[in-house]
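Shown next, in structure tokens, is the structure this report addresses.
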Amino acid sequence: MKADADSIDADPIDGAVLRLTAGMGPESHRQILARCLSGSLSPAVALMQLLIDTENAAAVRATIDELALRVANVSRATDSLVRDRVDDLTQLMVENELGCERIAEMLRSNMDSPEMAPTVEAGIAFCERLFDWSVQQSEEASVALYSLGNPTLLERATSEIVAQLDAWHVLGKTKTVLDLGCGIGRIACAIAPKVREIHGIDVSRGMINIALRRCEPLTNVHLLKSTGHDLREFSDEWFDTVIAVDTFPYINQSGAALVESHFSETKRVLKENGDLVIFNYSYRGDDDADRHDVRRLAAEYGFGVVVAGEHPFSIWNGSAFHLRKAEVKKV
Ligand SMILES: C[S@@+](CC[C@H](N)C(=O)[O-])C[C@H]1O[C@@H](n2cnc3c(N)ncnc32)[C@H](O)[C@@H]1O
């Protein structure tokens, strides 16, 4: 969104967003709200980001109430789209008030996530503790904070992920799939009817226990607690597809050596022409740097890059990479 005075005249949406959010502080909150109202951030992710910033659900509620008041007082007849987005944000907050409080509480009492672990061992041990603990607080929020702990919202976000996997033709009744960092098994459960077999691994015993319960009736889902270091449980060329949904940011935080080991291991366990799908590569908030790193790793480990760092989802703001074990024309 452009932020200069000219843009107010040039683009009615930008103009409305600037008028409605002007002077709302702190600036980080104003920016989150502006991105939500201009349509580049979903209400769910906007709420999550405000909660991360404040660790206080009442403060987030007050910010959204102030925004709603501004809409009532200052918006013009042409602002209807922006007004609808404020309504969506308000409604989501109201419908998930308890979930927001729980998330704020989780954020307050949570062990702080280090930007970078001092060693790979420390990084993996931290992930085990973090996710063993998080899944006890809220199954849904532990895998997707933006679900606000709401099963319906998580299901909608999961459906968008599965639709993307379908669109990329990486699922199919003849395919064997690895779900790397499977968490509570929401992806494995959702894609089980579409594939021959799916194996979910996770470094957190707590996550695997919940995934075992959730996937229990599905005979083609196999779940295993892994060491987090590699894919030693699987022999060469076992899988048609490997997917990692919001797992690589944690592998990244455990160190470059672990990222390299997972690229090398993924290459080993994939069949020729097999697909590697990474949804979210890191949490550093720099799409270009992520694209650069993934392209470098792909070249080094023998993957072609089919899609590099797009944002295909309407609810989740995760970035999407699709690589293929074979030489394909790079984009
Ligand atoms: C944000 S959760 C996402 C879970 C699941 N992919 C989903 O989207 O529902 C990240 C998961 O990655 C797992 N994880 C982190 N580092 C890992 C590693 N080195 N090996 C396997 N799993 C790991 C965590 O335990 C956690 O369950």
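Before moving on, here are some points about what is shown:
- Restricting attention to region 162-188, the residues being crowded, with 18+ Cβ neighbours inside 10 Å and touching a Pro at 6+ places or on another chain (Cβ under 9 Å) number 1.
- Pair list, Cβ < 6 Å and 6+ apart or interchain, from region 305-328 residues that are open to solvent by 50 Å² or more (accessible area, probe 1.4 Å) to residues that are acidic (Asp, Glu) and not in a loop (DSSP other than H, G, I, E, B): Arg324/Asp275
- For Glu101: the one exception among (1) at pLDDT 95 or above; (2) within 13 Å of the ligand (Cβ to nearest atom): (2)
- Summed over region 238-266, residues that are outside any strand (DSSP E or B), touching a strand residue (DSSP E or B) at 6+ places or on another chain (Cβ under 8 Å) and more than 7 Å from the ligand (Cβ to nearest atom) total 4.
- Of the set (1) over 14 Å from the mean Cα position of the chain (by Cα); (2) more than 8 Å from the ligand (Cβ to nearest atom); (3) among the charged types (D, E, K, R); (4) assigned to a helix (DSSP H, G or I), all apply to Lys173 but (4).
- Residue in region 194-212 that is closer than 23 Å to Ala320 by Cβ and hydroxyl-bearing (Ser, Thr, Tyr) present: no
- Among residues of region 38-49 that are open to solvent by less than 10 Å² (accessible area, probe 1.4 Å), those with a beta-carbon under 8 Å from a residue that is hydroxyl-bearing (Ser, Thr, Tyr) at least six positions away or on a different chain give the pairs Ala44/Tyr146; Ala44/Ser147; Val45/Tyr146; Leu47/Tyr146.
- Set Leu51, Leu41: member being in a helix (DSSP H, G or I), in contact with a helix residue (DSSP H, G or I) (Cβ under 6 Å, 6 or more places away or on another chain) and modelled with pLDDT of 95 or more: Leu51
- Check on Leu212, more than 9 Å from the ligand (Cβ to nearest atom), aliphatic (A, V, I, L, M) and either under 25 Å from Thr174 (Cβ atoms) or surrounded by 20 or more Cβ atoms within 10 Å (Cβ to Cβ) (or both): no
- Residues considered: Leu89, Leu153. Of these, the only one that is within 14 Å of the ligand (Cβ to nearest atom) and either basic (Lys, Arg) or at negative phi (or both) is Leu153.
- Test: residue in region 221-238 that is small (Gly, Ala, Ser) and surrounded by fewer than 18 Cβ atoms within 10 Å (Cβ to Cβ): yes
- Among (1) outside any strand (DSSP E or B); (2) within 13 Å of the ligand (Cβ to nearest atom); (3) under 26 Å from Ser40 (Cα atoms); (4) open to solvent by less than 20 Å² (accessible area, probe 1.4 Å) - the single one Val277 does not satisfy: (1)
- Identity of the residue in region 178-209, assigned to a helix (DSSP H, G or I) and touching a residue at least 60 places away in the same chain (Cβ under 8 Å), that ends up nearest to the ligand (Cβ to nearest atom): Met207
The values are calculated or read from the model by the stated rules, or taken from the named source; none is laboratory data. Everything numeric in this text was worked out from a predicted model, so none of it was measured. Positions of Cβ are generated from backbone atoms using ideal geometry, with glycine treated the same way; all protein chains shown enter the neighbour counts. The protein model used for the area step is the full one, side chains on, heavy atoms only, and it has no ligands, DNA or RNA in it. Shrake-Rupley method; radii C 1.70, N 1.55, O 1.52, S 1.80 Å.
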